[in-house]
Amino acid sequence: MADFTSDDERMLTTLLETILPPSTDGRLPGAGGAALVRHVASTIERMPMLRTVVEYGLSGIGERARQRNPVGWDALSAAERTAVVREFTAENEFFLPGFLFLVYTGYYVDPVVVRQFGFEPRPPHPAGYAMEAEELDALLAPVRRRGKMYREV
Amino acid sequence: MSEPTADVLIIGAGASGAALAWSLADTRMHIVCLEQGDWVDPAAMPGMSVGWEARQATDWNFSPNVRNRREDYPVNDQASPIAVSNFNAVGGSTILYAAHFPRFHPSDFRVRTLDGVADDWPIDYARLEPWYDVNARMMGVAGLAGDPAYPPKELPLPPVPLGKLGTTLAQGFNRLGWHWWPSDSAIATREHEGRAPCINAGTCLVGCAQGAKASTDITYWPVAIRGGVQLVTRCRVREITVGDDGMANGVVYYDADGVERRWKAEVVVVACNGVGTPRLLLNSRSKHFPDGLANRSGLVGKNLMFHPYAMVTGVFDEPLEGYKGPTGCCIMSQEFYDTDVRRGFVRGYSFEIVRSFPPVYAALWGMTTGRLPWGADHHRAYAELFDRTAGMVAITEDLPDPANSVTLDPDLVDTNGIPAPRINYTLSENSSRMLAHAVARGREVLEAAGARETIVDSPMRVAGWHLMGTARMGTDPRTSVVNPWGRCHDVRNLFIVDGSIFVTAAAVNPTNTIQALALHIADTMKRNLANLFDAD
């Protein structure tokens, strides 16, 4: 697990919440929970290229925040944070794909989140998913009516 | 320590090596297979954990350059719009493939005669038909008899379920009056030869922990090993050696500890597919073969064929339950399979319907296509995408072109220091026109099925699954590398049994044909054991 400083961890938490805030109806949580911070930390341990992305992002966004307010990121409102991230990502196009990979691979396995989309929070194996075999005769009738269509040699 | 000796030494334990080993086992010869990868433990497959989708992007990626495992060799595919996909393990790329399992058509073996392009094969559909049947039983192929796009064939298992997604798309094809049919799939839709039935987990492309998908580690290999074949894993062959008589006499390889070793053999069989095989032959230089083994024609590595893919994804208003079911197997359309010169290209393509994205991939796809914002609007946009997409790929017939090639990279090497392959490939004008046609027709059918929006990815970059043509088959040693039963013209105890011996690519997934060819070659070898090395 990557060893973030407490400042980094606090900023990462609020950055995640800026990227994915809670849904307006309250059904979906924001991405700033401890589990997602842990997911980011453990993933960048395994994928050093993403560590670079995260470290560069935290540093660059923090710097840009201080240009708005000398106290920095913590002092910004939610709208200001969004604006700072938009400015930063517009100038650093490589940041979002890597960072969002980290966010989405953690967020969309969160049991609270996947339940909202009708999923049980479990791996696909060994239970799988039930599917019924279809009655194909009626559906295929137009195709059968066309008759042989492969080319003779 | 004396050097071990085999009667037949097979290099590669994937689709073709496994089928050939199984077939030759009944000769009771001493058959050895060297495989650079290892057995895959189903319990360690990504589908057993909730984070499985992320692993598809990392250590279970299609690309060896991304996976970067010890057993993978790097591929320089920067000079190609299509990146090579493979997997190195017992089972080879069948571990990761979708198991879409169509046959070639009779016309696919006669493209010169019928359409005046490329070359005819020196064998025909009738020659392979009995081996397709054997392979259907051994791999356990599911499908429905009566497809008007094919000569009659019987398959041992009922077709995979279409689900709501497949049914919706089938109705779209019907509205246009176009052909479609349930896919031939190497997936056990009910218990088959000890394999458990498919549970529709949707994880086919990261390995099937259920064992329902037919990878050769669970189909051919257990039977071949019971028949006496010796399979040795984590052994990477560096070169095939030749004696003073110009015949192959064994291999030099690196074992699991990286120690260089030699294994002698009376017959050597190469089964490393369309990139691995030419790489090995080109790395096997000697005074007899200064340009690479069996390469007096200069055609080893030439005529690389992929299947250029276009993907068209439709976004629907209703949930399609598309995360359920075999990922790549649902229905196939061959409405545009055969040549119609009015379309502006020769030959044709198949459509294959694929399932929709599970939760993480839905988000990643939404990000890469620019349809999923971050911030406050994310949740609304995601809800409009997740489980509301249906994908279809067009798999187009690539024609052979000597300029499309596999060579050795001057700098890149694998973990044993063996030169890595380099791909030089340009999409042809014919393929580009075919892709454009397929994209337009794909949009039509998705809209006919009710899609409110379509998104195109063409040509797909990470789609170099099918690797063919780089040691082509023929009767003339000047224009081909192997004869009609896989024996190298230049080295009569060296055989090639994988996709590299294809003369043309057809417009369907090649694994079934690769294995039928391997079975045909093994059968011919067995019938000619007494005079295996004689002149044709």
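Within 10 Å of each candidate Cβ there may be at most 13 other Cβ atoms; applying that plus a DSSP loop requirement, which trypsin sites (Lys or Arg not before Pro) in segment B:209-247 survive?
The qualifying sites: there are none.
If amide hydrogens are placed 1.01 Å from N in the peptide plane, which non-local residues have theirs closer than 5 Å to the one on B:Ala6?
The list, which skips near neighbours in sequence, is B:Lys264, B:Ala265, B:Glu266.
Within segment A:1-44, which residues have the backbone N less than 18 Å from the label spot 7 Å out from A:Glu87 along Cα→beta-carbon, could you tell me?
A:15, A:18-19
Considering all alpha-carbon pairs of segment A:6-121, what whole percent are spaced by more than 25 angstrom?
Within segment A:6-121, distances greater than 25 Å cover 22 percent of Cα pairs.
I need the per residue convex hull volume for chain B, using only the alpha carbons, in cubic angstrom as a whole number.
In chain B, the Cα convex hull volume per residue is 139 Å³.
What's the local net charge at B:Lys153, with K and R +1, D and E -1, over the other residues with C-beta under 11 Å away?
-4
Given DSSP loops and a limit of at most 14 other Cβ atoms within 10 Å, what is the longest stretch of chain A that contains no such trypsin sites (Lys or Arg not before Pro)?
A:28-147
Restricting to Cα pairs below 8 Å that are 6+ residues apart, what does the relative contact order work out to for chain A? Please round to a whole percent.
The value is 21 percent.
What is the percent of Cα-Cα separations in segment B:367-479 that go past 16 Å?
Percent of Cα pairs beyond 16 Å in segment B:367-479: 74.
Can you give the FRET efficiency to the nearest 0.05 for B:Arg452 and B:Thr113, using r as the Cβ-Cβ distance and R₀ = 30 Å?
0.10
Report the FRET efficiency, 1/(1 + (r/R0)^6), for B:Ala381 and A:Asp3, where r is their Cβ-Cβ distance and R0 is 25 Å, rounded to 0.05.
Efficiency, rounded to the nearest 0.05: 0.10.
From the phi angles alone, apply the Karplus equation (6.51, -1.76, 1.60; θ = phi - 60°) to segment A:132-139 and give each ³J(HN,Hα) in whole Hz, x where the residue is Gly or Pro.
After applying 6.51 cos²θ - 1.76 cosθ + 1.60, I find 9, 6, 8, 7, 8, 4, 5, 5 Hz.
How large is ³J(HN,Hα), in whole Hz, for each residue of segment B:3-12 in order, when computed from phi with the Karplus curve 6.51 cos²θ - 1.76 cosθ + 1.60 and θ = phi - 60°, using x for Gly and Pro?
Once θ is set to phi - 60°, the couplings for segment B:3-12 become 7, x, 10, 10, 6, 10, 10, 9, 10, x Hz.
Counting only DSSP beta bridges with both residues in the protein assembly as shown, tell me the antiparallel percent, nearest 5.
About 65 percent, rounded to the nearest 5.
Assuming a ≥ b ≥ c are the square roots of the Cα gyration tensor eigenvalues, decide whether segment B:203-275 counts as rounded (a/c under 1.5), prolate (otherwise, with a/b larger than b/c) or oblate.
In terms of gyration-tensor shape, prolate.
What full-extension length gain, to one decimal in nm, is calculated for B:Glu429 and B:Asn416 as 0.36 nm per residue of separation minus the Cα-Cα distance?
Additional length available on full extension: 0.8 nm.
Gain in length, B:Lys153 to B:Glu193, computed as 0.36 nm per residue apart minus the alpha-carbon separation, to one decimal in nm?
12.4 nm
Looking at this model, which pairs from B:Lys302/B:Lys526; B:Lys164/B:Lys302; B:Lys302/B:Lys324; A:Lys148/B:Lys164 are more than 32 angstrom apart at the alpha-carbon?
Where the Cα-Cα span goes over 32 Å, the pairs concerned are B:Lys164/B:Lys302; B:Lys302/B:Lys324.
Residue-wise, which Karplus ³J(HN,Hα) couplings in Hz belong to segment A:7-14, taking 6.51 cos²θ - 1.76 cosθ + 1.60, θ = phi - 60°, and x for glycine or proline?
5, 4, 5, 5, 5, 4, 4, 6
Which aspartates and glutamates does B:Lys213 reach when only Cα atoms under 14 Å apart count, and residues fewer than 8 places away in its own chain are ignored?
Candidates past the 8-residue exclusion: B:Asp184, B:Glu191, B:Glu193.
How much length is gained if the chain between A:Val153 and A:Asp137 is pulled fully straight, taking 0.36 nm per residue apart and subtracting their Cα-Cα distance, in nm to one decimal?
Taking 0.36 nm per residue and subtracting the Cα distance, the gain is 2.8 nm.
Give me the angle, in degrees from 0 to 90, between the Cα long axis of helix A:78-91 and the longest principal axis of the Cα atoms of chain A, rounded to the nearest 10.
The helix A:78-91 is inclined about 70 degrees to chain A.
Under the rule of at least 5 residues apart or a separate chain, name every residue whose amide H is placed under 5 Å from the amide H of B:Glu453.
Here the answer is B:Val315, since their amide H atoms fall under 5 Å of that of B:Glu453.
Simple spin-label model, 7 Å along Cα-to-Cβ: B:Val341 to B:Gln78 in nm?
Taking the two extended label points, one gets 4.2 nm.
How far is helix A:95-107 tilted off the main Cα axis of chain A, in degrees rounded to 10, range 0 to 90?
Here the helix axis deviates by roughly 70 degrees.
Can you pull the one-decimal nm distance between simple spin-label points at B:Arg175 and B:Phe533, each 7 Å off the Cα toward Cβ?
6.5
Enumerate the amide H contacts of B:Asp409 below 5 Å, restricted to partners 5 or more residues apart or on another chain; note that Pro and chain-start residues carry no placed amide H.
Distant-sequence amide H within range of B:Asp409: B:Ala420, B:Arg422.
Taking Cα atoms, how many degrees apart are the long axis of helix A:34-46 and the longest axis of chain A, rounded to 10 and kept between 0 and 90?
Around 80 degrees separate the two axes.
The numbers here are math on the coordinates, done by the rules we state, and not lab data. Source: prediction; values computed, not measured. Glycine also receives a Cβ, built like all others from the backbone with ideal geometry; neighbour counts cover every protein chain displayed.
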